[in-house]
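Worksheet for the structure shown next.
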Amino acid sequence: MADAAPARLADIAGQAGVSEATVSRVLNGKSGVAAATRQRVLAALDVLGYERPLRLRQRSAGLIGLVIPELTNPIFPAFAQVIEQALASHGYTPVLCTQSPGGATEDELVDQLVERGVTGIVFLSGLHADTTTDPERYTRLAGRGVPFVLINGYNDRVAAPFVSPDDAAATRMAVRHLRDLGHERIGLAVGPARFVPVRRKVAGFRAELGRDAPVRHSLFSVEGGQAAATALLDAGCTGIVCGSDMMALGAIRAARQRGLTVPGQVSVTGYDDSDLIAFTDPPLTTLRQPVRAMAGAAVSTLLGEINGDQVPHTEFVFQPELVVRGSTAVAPQRSGD
């Protein structure tokens, strides 16, 4: 048992990337350790499953609600994890609220959060992204004295900070990538037209290919991607740009059901690039949302609102990145060429 303490210090030091002496100073509440280093040591404690000493257990600065649509699409838990880490590093306790069919609506979740006395709310791909909903709900929320920030979606009738990827630029990049590979017939498989990010993706797509370029709207799911891609394959497309990685997996399934190879006969691009997408079959070429940068901006602007700073009520737009993997290749030769 005498070796337990040194071994524990060594484990924590190794996990945090600091010396055992630094770990000891943090655990004993001594000064002389940078805040970022102290945070790394505390994070190492949490990762390794050690309880924090009582003296290191901070009182929460307050509750922050995080309202997201679902957890089945891996991009949403990816955002949630980074946002929760950022909030925790500032002393706030995140409260994750997930919508589900037949469950609580966004409005009901917001009411529950306000009743709990939350300090602020982060909305990810919420009703603010749906052009058919009434944005007055956010005006009412502001009137209740609750600061908030909105990710993925924009409405100029809502006075709040917005954080978005450049959806139009993303589809333009995907189209140019496929054209560079020789694809002449390119289609877009995307979600319902009522959503702002979808409209922007369509606008970017048609800016490259013209108004007659084939677009198929469906659900943001594997099944939705399969249905949309089936129609695009019927239209003779050899390149399919998808509005999400889940839709892209459905597009690959649609191609294979027809006996077509990906990327030999059909090239497919996705959108999001959550952690598992590099390991699909084939590894997916996709547009990566800058999750960490967007989440950091959302948290910093929300904390600015909470602190009474002059935060611009505008949209902060982040550039996606094309990540080329194995689901795109040179276009197949047309018969007769």
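The values are calculated or read from the model by the stated rules, or taken from the named source; none is laboratory data. All of these numbers come straight from a predicted model, not from anything done at the bench. Methodologically, a virtual Cβ is constructed for each residue, glycine included, from the backbone with ideal geometry; neighbour enumeration extends over all protein chains shown. These area figures cover heavy atoms from the full protein model, side chains too; ligands, DNA and RNA do not enter into them. Shrake-Rupley method; radii C 1.70, N 1.55, O 1.52, S 1.80 Å.
Figures for the structure shown
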| read-out | value |
| --- | --- |
| Qualifying positions in region 59-104 - open to solvent by 30 Å² or more (accessible area, probe 1.4 Å) and touching a Lys or Arg at 6+ places or on another chain (Cβ under 7 Å) | Leu63 |
| Hits in region 311-330 (condition: of a type in the set (A, V, I, L, M) and either under 15 Å from the mean Cα position of the chain (by Cα) or open to solvent by 60 Å² or more (accessible area, probe 1.4 Å) (or both)) | Val317, Val324, Val330 |
| Scan of region 208-247 for residues that are closer than 17 Å to Arg185 by Cα and touching a residue at least 60 places away in the same chain (Cβ under 8 Å), ordered by number | Thr238, Gly239, Val241 |
| Members of region 151-168 found to be not polar (S, T, N, Q) and not in a loop (DSSP other than H, G, I, E, B), listed by number | Ile151, Phe162, Val163, Pro165, Asp167, Ala168 |
| Region 140-153, subset within 13 Å of Ala129 (Cα to Cα) and modelled with pLDDT of 95 or more, residue farthest from the chain's Cα centre (by Cα) | Val149 |
| Per-region count, region 111-125, residues out of contact with any Phe, Trp or Tyr (no Cβ under 9 Å at 6 or more places or on another chain) and not charged (D, E, K, R) | 5 |
| Test: residue in region 272-286 that is of a type in the set (A, V, I, L, M), assigned to a loop (DSSP other than H, G, I, E, B) and open to solvent by 70 Å² or more (accessible area, probe 1.4 Å) | no |
| Any hit, region 189-198, residues being part of a helix (DSSP H, G or I), within 25 Å of the chain's Cα centre (by Cα), surrounded by fewer than 21 Cβ atoms within 10 Å (Cβ to Cβ) and among the charged types (D, E, K, R) | no |
| Per-region count, region 202-236, residues open to solvent by 10 Å² or more (accessible area, probe 1.4 Å) and part of a helix (DSSP H, G or I) | 14 |
| Residue match in region 52-70 (condition: under 30 Å from Leu127 (Cα atoms), modelled with pLDDT of 85 or more, of a type outside the set (S, T, N, Q) and assigned to a loop (DSSP other than H, G, I, E, B)) | yes |
| Among residues of region 70-121, those that are farther than 28 Å from Gly243 by Cβ and not charged (D, E, K, R), counted | 15 |
| From the options Gly296, Gly239, Gly250, residue that is open to solvent by 30 Å² or more (accessible area, probe 1.4 Å) and in contact with a helix residue (DSSP H, G or I) (Cβ under 7 Å, 6 or more places away or on another chain) | Gly296 |
| Members of region 248-271 that are free of Cβ contacts under 8 Å to residues at least 60 places away in the same chain, of a type in the set (A, V, I, L, M) and in a loop (DSSP other than H, G, I, E, B) | Leu260, Val266 |
| Among the residues listed as Ala159, Ala174, the single one being among the small types (Gly, Ala, Ser), at negative phi and at pLDDT 95 or above | Ala174 |
| Out of Thr139, Thr171, Thr133, sole residue that is crowded, with 22+ Cβ neighbours inside 10 Å and not in a strand (DSSP E or B) | Thr171 |
